[in-house]
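Please read the structure below before turning to the comments.
The values are calculated or read from the model by the stated rules, or taken from the named source; none is laboratory data. Values in this document were obtained by computation on a predicted structure and should not be read as measured data. Ideal geometry is used to build each Cβ from the backbone, glycine not excepted, and the neighbour counts take in all protein chains shown.
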Amino acid sequence: MKASHMNAAAVVLGVAVLSGVTARPADSLELIAHRALYEITLESVRNGSEITGLEGRMMLEWADACEGWTVNQKVRMVLSHVGGPPLKNEFSFSSFESKTGENFRFSMRSSSDGKPYEEFVGTATRDDLSDASVGGHVTFTSPDGVELDLPPATMFPSEHLFLVVERALAGDRMVARTVFSGTGPDSIHDVTAFIGPVIPENSQQVGTDNPNAGAAMQDLSGLRSWPVAMAYFPHEQQELEPEFEVSYRLLENGVAGNLLLDYGEFSMRAVLDNIELLSSPDC
């Protein structure tokens, strides 16, 4: 399993196009800036896997930065496996996405037992947002010299968060788009999101029963939500099976509830443990 794939899945964001034209977030849709903490545990392993245990924590922050949105994520895990000592893995991801949809800056770093493993840093641009037949371009500064052409209608991450919420509120059941997540040169995916029936307010607890969680965490159960499942396929490779899958509970304010991340060899669960609301910037 590649660290870049784990980050692409854990961020649980993507991109979208409506009616062949870039989908801008609706002015009336309000998603909250927040910092969420998740407890990670091993959910299941496939036959033949050498993984015997997994535990860790994830911090995921989504914020408004006036001209754009920022994402910051940190994951720390201890992975137990057959025939060796546990591995301590760390992942960090940060990005800035302009609200115009034209520019995206990203940085992803990972380490294993304190030793650097992967690093991807770069910028991406989309050339003509009024024309869905025009793609974009990605330039990496780490590894230096790597460049990618983005296929037509490829989108950047935070916009997809808005779109999936909009589609869920409208009662739609599927959103299929091409995604560049910024987690490596192989992070262009065809992503299909399946949206289940709405979960009414106050019908299911969100996250863990953490006695130290603040009021913001307790208030989440008073919101509508939807079960969402996303399948990530390598772009235009005609694969029958997704490279990885993410299932989670999407709240109407944009918060991701409990997640299940399936990488084929194993799957892990990330349970929302606490959340902090972030103040709006003075733009």
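Results, tabulated for the structure shown:
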quantity: Answer residue from region 191-226, given it is over 13 Å from residue 174 (Cβ atoms) and in a strand (DSSP E or B) and is farthest from the chain's Cα centre (by Cα) among those; calculated: 199
quantity: Qualifying residues in region 174-190 (those that are of a type in the set (Val, Ile, Thr) and in a strand (DSSP E or B)) - the one modelled with the lowest pLDDT; calculated: 179
quantity: Pair list, Cβ under 7 Å, 6 or more apart: region 34-46 residue closer than 19 Å to residue 69 by Cα, other residue outside any strand (DSSP E or B) and not basic (Lys, Arg); calculated: 34/255; 34/278; 35/278; 36/255
quantity: Criterion: in contact with a Ser or Thr (Cβ under 6 Å, 6 or more places away or on another chain) and buried (at least 17 other Cβ atoms within 10 Å of the Cβ) - qualifying residue of 120, 106; calculated: 106
quantity: Residue within region 169-183 that is buried (at least 16 other Cβ atoms within 10 Å of the Cβ), on the phi < 0 side of the Ramachandran plot, small (Gly, Ala, Ser) and in contact with a Phe, Trp or Tyr (Cβ under 9 Å, 6 or more places away or on another chain) present; calculated: yes
quantity: Among residues of region 190-237, those that are charged (D, E, K, R) and touching a residue at least 60 places away in the same chain (Cβ under 8 Å), counted; calculated: 1
quantity: Selection status of residue 19, under 18 Å from the mean Cα position of the chain (by Cα) and at pLDDT below 90; calculated: no
quantity: Single match in 165, 138 (criterion: touching a residue at least 40 places away in the same chain (Cβ under 8 Å), buried (at least 18 other Cβ atoms within 10 Å of the Cβ), hydrophobic (A, V, I, L, M, F, W, C) and under 19 Å from residue 234 (Cα atoms)); calculated: 138
quantity: Test: residue 239 is surrounded by fewer than 19 Cβ atoms within 10 Å (Cβ to Cβ), over 20 Å from the mean Cα position of the chain (by Cα) and within 27 Å of residue 126 (Cα to Cα); calculated: yes
quantity: The lone exception for residue 57 - which of (1) modelled with pLDDT of 80 or more; (2) buried (at least 16 other Cβ atoms within 10 Å of the Cβ); (3) under 22 Å from residue 208 (Cβ atoms) it fails; calculated: (2)
quantity: Residue match in region 194-207 (condition: of a type in the set (Gly, Ala, Ser) and on the phi > 0 side of the Ramachandran plot); calculated: yes
quantity: Residue count, region 120-173 (criterion: acidic (Asp, Glu), assigned to a strand (DSSP E or B) and in contact with a strand residue (DSSP E or B) (Cβ under 9 Å, 6 or more places away or on another chain)); calculated: 2
quantity: Criterion: farther than 25 Å from residue 237 by Cβ and either touching a residue at least 40 places away in the same chain (Cβ under 8 Å) or touching a His at 6+ places or on another chain (Cβ under 6 Å) (or both) - qualifying residue of 102, 97, 118, 159; calculated: 97
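For (1) within 21 Å of residue 31 (Cα to Cα); (2) of a type in the set (Val, Ile, Thr), each residue gets a yes or a no:
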{"site": "86", "(1), (2)": "no, no"}
{"site": "91", "(1), (2)": "no, no"}
{"site": "115", "(1), (2)": "no, no"}
{"site": "130", "(1), (2)": "no, no"}
{"site": "133", "(1), (2)": "no, no"}
{"site": "152", "(1), (2)": "no, no"}
{"site": "161", "(1), (2)": "yes, no"}
{"site": "168", "(1), (2)": "yes, no"}
{"site": "175", "(1), (2)": "yes, yes"}
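Residue-by-condition table, conditions (1) at pLDDT 90 or above; (2) under 28 Å from residue 66 (Cβ atoms):
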{"position": "247", "(1), (2)": "yes, no"}
{"position": "260", "(1), (2)": "yes, no"}
{"position": "263", "(1), (2)": "no, no"}
{"position": "276", "(1), (2)": "yes, yes"}
